[in-house]
Amino acid sequence: MDEETKSLEVVGARELAPIERALEEIRRQAGRGGVTAIQHFPAREAKSAGFPEFLPARLAEILRARGIESLYTHQVTACELARAGKNFVVVTPTASGKTLCYNLPILTALVEDPEARAMYLFPTKALAQDQLAELNRWTERLGDEVRTFTYDGDTPQDARRAIRARGNLVITNPDMLHTGILPHHTKWERLFENLRYVVIDELHYYRGVFGSHLANVLRRLKRIARFYGSKPQFICSSATIANPQELATRIVEEDVTLLDENGAPAVEKFFVFYNPPVVNPQLGIRRSYLNESRRVARTFLGRGLQTIVFANTRLATEILVTYLKEDFARLPLGADAVRGYRGGYLPRERREIERDLREGRLLGVVATNALELGIDIGSLDVAVLAGYPGTIASTWQRAGRAGRRQGNSAAVLVASSAPLDQFMVQNPEYFFGRSPEHGFVNPDNLQILLNHLKCAAFELPLRAEEKFGSLDLRRLCEHLAEVGFLHESSDGWHWVSETYPADAISLRSVSSDNFVIVDSTAEPQVIGEVDFSSALTTVHEKAIYIQDGQQYHVERLDYDDRKAYVRQCDSDYYTDAIDYTHITVLESFDAASAGSARKNHGEVQVNTQIVGFKKIKFHTNENVGSGELTLPEQEMHTTAFWLTLPREMLEGLPYDRGERPDGVAGLANALQAIATLLLMCDARDLGAAVGENDERGSRGSEVRGQDEESRIQNSEYGRRRPGRGQRTSDYGRPTNIFEPNIYLYDKYPGGVGFSEPLFRMSEMLLRNTYKLIAGCPCSSGCPSCVGPVGEIGEKGKEVALVILKKLVSGDQ
């Protein structure tokens, strides 16, 4: 490829460094077309400016003592915006010094006014601890003027009173603000009376469910601040997305200034796109991306280059840890040279891994997105991405974990067969150009809003003249009064329930319940935890649970007490759950034509149940067995966008009754892939299903249960779908009529704002889906477009394209 050749010529005139020699080896092993791009980013000089005139002399002295004689231009601009009282969002690359953009103006305010207060919000406790370590370097020199503390679930009870009384810079997370600070605001009187600044770090992280919740938490915070007579200023930082200013404005609900001019220097970097070779051209099946990621990582690790490997799922993380430990067990460094890192590990274990990475005792780590954000793990040489993370912003953040200090570095994206992976590696200019991704939130989601109204009423009485979102506050309060939560008096609505509302609301997931993992091999001990939605698929009875390469057999799942009891085992297979989903339309909010089809968005009911599991052999990925399960059915009301394909149009197609449903199923797969790209969401946030439409309403269902071989190895294409052979009669449809609905639904109760944008962007959705399928080189369908032939049939791709032509052109 021209991009590859051009990039290699950049370094061809000098002796290659170890990283470049490793890249040469990877390119040779990949063969022709395997490396689709090697983007070379030369080192960049800094754009500097002197310290602002208003910067206190003591802060300037500390900066000079740390070897900082000047600031980057964007840091100076940030200080000036803060001084002028502006809300702003800083959008610069990883390791560009964003931290000083908020630390300097806030430390300035605290030095000038000892009574001033500031609050930092980080999406994870690990990031908060990392920031505390950075701020402690300042407080060691500033003494008692700046009193910095973290306040989260791990803060000891005896320390909390001192923090509330003395802390003038409190570091926390949205969850603790929601449950531990706002409901107890009377204990935080000094903070709210003098609250000058609120920092929201990693703003792009707050989209969808989490962002919608955060916007409501900030509504409550500003309401309490007004009660105590303060009006905080908001400073945000974000990775590069298409609408950071819009997202920040939507979340804080105030005017926000955009600061996106980067003055930081950069070290030399190589970004490689690697597409595993096709092993079956007819089926479009490529070599396993996990095995290829293992080989690429081994190439770097074998040269002593400290490497982080990112995987997209917990299971993929543990599989790669297992493989790499096997590789290094035969070498002098030993298996302990590589560790795993993901959510579910105990905090002490995670801190140990972070420390070993920083101090160079650990050569490699395989991680989920738990290490994607700015936790300080030192200077890594290489980042290997096993699969596209789902968004361009996340890809750049993961790549930015390498080369954060000095020297050259590399990032390698190893594509899976998922449609988005293939789209990116075959269109690198789309990735390296301006980010097309938008972050969406829906703070006025009725379920989210009502839950936070309960919290707001618990904190302070609600008054009719108040504004809390765009919906009618009086009607909402009247509803909450009818169901026994509020009581109306002359001065507003008061909380009268005996419950503590914040405790019942999770900001990140459908349920606040976590399942604890108990190892009962010897003396019972807790080894980790999983969230409610993941527990039903990962720690059901007879599952193989993997943590840091160690396998455990799940002996018992105590659903009521939220515990999974496991025993260590040595298994040659892992397990993958099979679930069944049924969708019923409750109400259509809007309808219109979409070419020759009809489009709707509205409210639906989704019923899901885990019905079994498959056993997948390590290394060969053979399906070596299965089992049945009966777990409680989960019911959810949410929002969806759906297309109704007219029966007349489908009957006019020159295909039989078995081939038409195959084409519809393949079309649903491709639509979901493109929808996640447009919405900047994960495939796990947006479900897809096909169901029958009839006069009485709609019903839809799908049996989902590809094994992990299909999902994360040769046949991965980003979703699960109806199995081959499940035609109309298998869904309980009339066999003589076929008028399907293709649903794309929010996987969160009440929806978080995905269905309405999809309704608006349906033309773009259909057009880009057509490009994805038509541009795929396979003959009859593959994991990179509509799905493998074994699941969508020999004619699946052909039928999907014919349907799309009619939808785009409007022909019947």
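The values are calculated or read from the model by the stated rules, or taken from the named source; none is laboratory data. Quick caveat: nothing in here was measured; it's all calculated off a predicted structure. Because the Cβ atoms are built from the backbone with ideal geometry, glycine has one as well, and the counts that use them run over all protein chains shown. Only protein heavy atoms, including side chains, enter the accessible area calculation; ligands, DNA and RNA are left aside. Shrake-Rupley method; radii C 1.70, N 1.55, O 1.52, S 1.80 Å.
Where residues in the stretch 265-276 are farther than 16 Å from Leu23 by Cβ and at pLDDT below 90, which of them is surrounded by the fewest Cβ atoms within 10 Å (Cβ to Cβ)?
Pass one, the stretch 265-276, residues farther than 16 Å from Leu23 by Cβ: 265-266, 276.
Still in the list and also at pLDDT below 90: 265-266.
Details: Pro265: 15, Ala266: 19.
Result: Pro265.
Which pairs have Cβ atoms under 8 Å, sit 6 or more apart or on different chains, and link a residue in the stretch 605-634 that is within 22 Å of Tyr748 (Cβ to Cβ) and touching a residue at least 40 places away in the same chain (Cβ under 8 Å) to one that is open to solvent by less than 50 Å² (accessible area, probe 1.4 Å) and charged (D, E, K, R)?
From the stretch 605-634, the pairs are Ile610/Asp579.
Check off (1) open to solvent by less than 30 Å² (accessible area, probe 1.4 Å); (2) assigned to a loop (DSSP other than H, G, I, E, B); (3) in contact with a Phe, Trp or Tyr (Cβ under 7 Å, 6 or more places away or on another chain) for Ser571 and give me the number that stays unchecked.
Only one criterion in (1) open to solvent by less than 30 Å² (accessible area, probe 1.4 Å); (2) assigned to a loop (DSSP other than H, G, I, E, B); (3) in contact with a Phe, Trp or Tyr (Cβ under 7 Å, 6 or more places away or on another chain) is unmet by Ser571, namely (3).
Which residue out of Val530, Val566 is at pLDDT 95 or above and part of a strand (DSSP E or B)?
Checking each option against the conditions leaves just Val566.
Could you list, in sequence order, all residues of the stretch 299-319 that are among the charged types (D, E, K, R) and either under 27 Å from the mean Cα position of the chain (by Cα) or at positive phi (or both)? Full working, then the answer.
Of all residues in the stretch 299-319, those among the charged types (D, E, K, R) come to 303, 314, 318.
Residues satisfying the conditions are Arg314, Glu318.
If we only count helices (runs of 4 or more DSSP H) wholly inside the stretch 365-443, which ones have 3 or more residues that are modelled with pLDDT of 80 or more and not aromatic (Phe, Trp, Tyr)?
Fully inside the stretch 365-443 and qualifying: 392-399, 419-426.
Which one of Thr77, Thr92, Thr36, Thr73 is closer than 30 Å to Phe270 by Cβ, under 34 Å from the mean Cα position of the chain (by Cα) and modelled with pLDDT of 95 or more?
Details: Thr77 fails: closer than 30 Å to Phe270 by Cβ; Thr92 fails: modelled with pLDDT of 95 or more; Thr36 fails: modelled with pLDDT of 95 or more.
None of the other options fit; the residue is Thr73.
Out of Thr155, Thr139, Thr150, Thr186, report the one residue that is open to solvent by 10 Å² or more (accessible area, probe 1.4 Å) and modelled with pLDDT of 95 or more.
Values: Thr155 fails: modelled with pLDDT of 95 or more; Thr139 fails: modelled with pLDDT of 95 or more; Thr150 fails: modelled with pLDDT of 95 or more.
Matching residue, one of Thr155, Thr139, Thr150, Thr186: Thr186.
Being in contact with a Gly (Cβ under 8 Å, 6 or more places away or on another chain), farther than 23 Å from Glu739 by Cα and not in a strand (DSSP E or B) narrows it down to one of Lys542, Lys615, so name that one. Steps first, answer last, please.
Values: Lys615 fails: not in a strand (DSSP E or B).
None of the other options fit; the residue is Lys542.
Do we have Leu449 as in contact with a Gly (Cβ under 6 Å, 6 or more places away or on another chain) and either assigned to a helix (DSSP H, G or I) or open to solvent by 10 Å² or more (accessible area, probe 1.4 Å) (or both) here?
Working: in contact with a Gly (Cβ under 6 Å, 6 or more places away or on another chain): yes; either assigned to a helix (DSSP H, G or I) or open to solvent by 10 Å² or more (accessible area, probe 1.4 Å) (or both): yes.
Criteria met by Leu449.
Which pairs have Cβ atoms under 9 Å, sit 6 or more apart or on different chains, and link a residue in the stretch 145-166 that is touching a residue at least 60 places away in the same chain (Cβ under 8 Å) to one that is open to solvent by 50 Å² or more (accessible area, probe 1.4 Å) and of a type outside the set (Ser, Thr, Tyr)?
What qualifies is Asp154/Lys125; Asp154/Gln129; Asp154/Pro347.
How many residues does the stretch 641-655 hold that are more than 27 Å from Leu679 (Cα to Cα), of a type outside the set (Asp, Glu) and in contact (Cβ under 8 Å) with a residue 24 or more places away in the chain? Outline the logic, then answer.
To start, the set of residues in the stretch 641-655 that are more than 27 Å from Leu679 (Cα to Cα) comprises 647-655.
Add one more test, that the residue is of a type outside the set (Asp, Glu), and what stays is 647, 649-650, 652-655.
If we keep only those that are in contact (Cβ under 8 Å) with a residue 24 or more places away in the chain too, we end up with 647, 649-650, 652-653, 655.
Number of matching residues: 6.
When the stretch 478-515 is examined, which residues are found to be of a type in the set (A, V, I, L, M, F, W, C), within 26 Å of Tyr205 (Cβ to Cβ), outside any loop (DSSP other than H, G, I, E, B) and open to solvent by less than 80 Å² (accessible area, probe 1.4 Å)? Can you show your working first?
Going residue by residue through the stretch 478-515, those that are of a type in the set (A, V, I, L, M, F, W, C) are 480-481, 483, 485-486, 493, 495-496, 502, 504-505, 507, 510, 515.
Restricting the remaining residues to those that are within 26 Å of Tyr205 (Cβ to Cβ) gives 502, 504-505, 507, 510, 515.
This time we only want the ones that are outside any loop (DSSP other than H, G, I, E, B), so: 502, 504, 515.
Scanning the stretch 478-515 gives Ala502, Phe515.
Which ones in the stretch 761-780 are under 25 Å from Ala640 (Cβ atoms) and either in contact (Cβ under 8 Å) with a residue 40 or more places away in the chain or not in a helix (DSSP H, G or I) (or both)? Break it down stepwise before answering.
Filtering the stretch 761-780 for residues under 25 Å from Ala640 (Cβ atoms) gives 761-773.
Result: Met761, Ser762, Glu763, Met764, Leu765, Leu766, Arg767, Asn768, Thr769, Leu772, Ile773.
So Arg724 fits all but one of (1) closer than 30 Å to Ala311 by Cα; (2) at pLDDT 80 or above; what number is the exception?
With respect to (1) closer than 30 Å to Ala311 by Cα; (2) at pLDDT 80 or above, Arg724 is out only on (2).
Between a residue in the stretch 290-319 that is in a strand (DSSP E or B) and any residue that is basic (Lys, Arg), which pairs come within a Cβ distance under 7 Å, given they are 6 or more apart or on different chains?
Ile308/Arg401; Phe310/Arg398
Which residue pairs have Cβ atoms under 6 Å apart, sit 6 or more places apart or on different chains, and have a first residue in the stretch 483-498 that is on the phi > 0 side of the Ramachandran plot and a second that is open to solvent by 50 Å² or more (accessible area, probe 1.4 Å)?
Matching pairs, first to second residue: Gly492/Arg463.
So in the stretch 6-22, with the set limited to residues that are hydrophobic (A, V, I, L, M, F, W, C) and farther than 20 Å from Ala266 by Cα, which one is modelled with the lowest pLDDT? Outline the logic, then answer.
Initially, the stretch 6-22 is screened for residues hydrophobic (A, V, I, L, M, F, W, C), giving 8, 10-11, 13, 16-17, 19, 22.
Retained after the next criterion (residues that are farther than 20 Å from Ala266 by Cα): 13, 22.
Values: Ala13: 42, Ala22: 90.
Top of the filtered list is Ala13.
Within the stretch 754-776, can one find any residue that is surrounded by fewer than 21 Cβ atoms within 10 Å (Cβ to Cβ) and modelled with pLDDT under 80?
yes
Out of all the residues in the stretch 109-135, which are in a helix (DSSP H, G or I) and either loosely packed, with under 12 Cβ neighbours inside 10 Å or among the basic types (Lys, Arg) (or both)? Walk me through it before giving the result.
Applying the first criterion (in a helix (DSSP H, G or I)) to the stretch 109-135 yields 109-112, 125-135.
Residues satisfying the conditions are Glu112, Lys125, Ala133.
Of the conditions (1) open to solvent by 20 Å² or more (accessible area, probe 1.4 Å); (2) at pLDDT 95 or above, Ala457 fails just one. Which one is it?
Looking at each condition in turn, Ala457 falls short on (1).
Examine the stretch 184-197 for a residue that is out of contact with any helix residue (DSSP H, G or I) (no Cβ under 8 Å at 6 or more places or on another chain) and free of Cβ contacts under 8 Å to residues at least 24 places away in the same chain, and state whether such a residue exists. If you could, list the steps in order and put the result at the bottom.
Our first condition is that a residue be out of contact with any helix residue (DSSP H, G or I) (no Cβ under 8 Å at 6 or more places or on another chain); within the stretch 184-197, this holds for 184, 186, 194.
Filter once more, keeping what is free of Cβ contacts under 8 Å to residues at least 24 places away in the same chain: 184, 186.
Yes, that holds for at least one residue.
Is it the case that Val518 is out of contact with any helix residue (DSSP H, G or I) (no Cβ under 6 Å at 6 or more places or on another chain), open to solvent by 40 Å² or more (accessible area, probe 1.4 Å), part of a strand (DSSP E or B) and farther than 21 Å from Pro183 by Cα?
So Val518 does not fit the description; no.
If you check Gly67, Gly31, which single one turns out to be loosely packed, with under 13 Cβ neighbours inside 10 Å and touching a residue at least 24 places away in the same chain (Cβ under 8 Å)? Quick ask: steps written out before the conclusion?
Details: Gly67 fails: touching a residue at least 24 places away in the same chain (Cβ under 8 Å).
Within the list Gly67, Gly31, the selection yields Gly31.
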